[in-house]
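What follows is one structure encoded as structure tokens, with my remarks underneath.
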Amino acid sequence: MSISALIPIVSSSAVRRRLPLVGAFCLLSLGLHNLQPSLSLSYNPLSRLSFGSKTQGFRSSGIRMEASNQTTVPSIVVYVTVPNKEAGKKLAASIVKEKLAACVNRVPGIESVYLWEGEIQTDSEELLIIKTRESLLSALTEHVKANHEYEVPEVIAMPITGGSVPYLEWLKNSTRE
């Protein structure tokens, strides 16, 4: 295939609309600090986590912020998929209303490919990106299980290892303790 044949594909509006989403997922998954050239190539962003057997969550240490202070709390980003827009709106609103999260982003147009009961499945879904306190992970997970139509809803948490102190202070103040 020639390069001129690829130009209409690359410049299509559908591809342009999805590229920012791909970039956002990469940054959320890898962490912005991994893009700094001064860091070792073998750096593992999860190396600062210790998973406890008595808790469902995790404890992080050495969280890097704009400034060193005690006005923030260990925070996480949680991914939850839902089957459609209506389910996403309802679950996102209930999570914020219960102060289980400061913010829930709804990302439409996700296509999930997964193995379920021995068969490959493909479904259109909506992704919820939930920002909350690390200490609320268990309560958030239980809320999702109780209010989700899937038999096994996705609840995946990742630590926030740094960020804007004013935003993280707002996250702390917008959630329950």
- Task: Search the stretch 124-155 for residues being in contact (Cβ under 8 Å) with a residue 12 or more places away in the chain and open to solvent by 80 Å² or more (accessible area, probe 1.4 Å), and hand back the single one that is nearest to residue 109 (Cα to Cα).
- Result: 124
- Task: Determine if the stretch 50-60 includes at least one residue that is of a type in the set (A, V, I, L, M, F, W, C) and modelled with pLDDT under 95.
- Result: yes
- Item | Residue within the stretch 132-149 that is among the polar types (S, T, N, Q) and in contact with a Pro (Cβ under 7 Å, 6 or more places away or on another chain) present | no
- Message: Looking at the structure I just gave you, is residue 115 open to solvent by less than 20 Å² (accessible area, probe 1.4 Å) and either in a helix (DSSP H, G or I) or not β-branched (Val, Ile, Thr) (or both)?
- Response: no
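Looking only at residues that are part of a strand (DSSP E or B) and small (Gly, Ala, Ser) in the stretch 102-112, which one is nearest to residue 144 (Cα to Cα)?
Residues of the stretch 102-112 part of a strand (DSSP E or B): 103-112.
From what is left, the residues that are small (Gly, Ala, Ser) are 109, 112.
Details: 109: 20, 112: 19 Å.
Looking at the filtered set, the residue picked out is 112.
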- Query: Do you know which of the residues in the stretch 126-160 that are in a loop (DSSP other than H, G, I, E, B) and over 13 Å from the mean Cα position of the chain (by Cα) is farthest from residue 101 (Cα to Cα)?
  - Reply: 151
- Are any residues in the stretch 163-172 open to solvent by 30 Å² or more (accessible area, probe 1.4 Å) and not charged (D, E, K, R), and if so, which ones? 163, 164, 166, 167, 170
- Working carefully through the options 89, 99, find the one that is part of a helix (DSSP H, G or I) and either modelled with pLDDT of 95 or more or aromatic (Phe, Trp, Tyr) (or both). 89
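The values are calculated or read from the model by the stated rules, or taken from the named source; none is laboratory data. This one's a predicted model, so the numbers in the text were calculated from it and none came from an experiment. All Cβ positions, glycine included, derive from the backbone under ideal geometry; neighbour counts span all protein chains shown. Remember, those area values only see protein heavy atoms, side chains included, never the ligands or the DNA or RNA. Shrake-Rupley method; radii C 1.70, N 1.55, O 1.52, S 1.80 Å.
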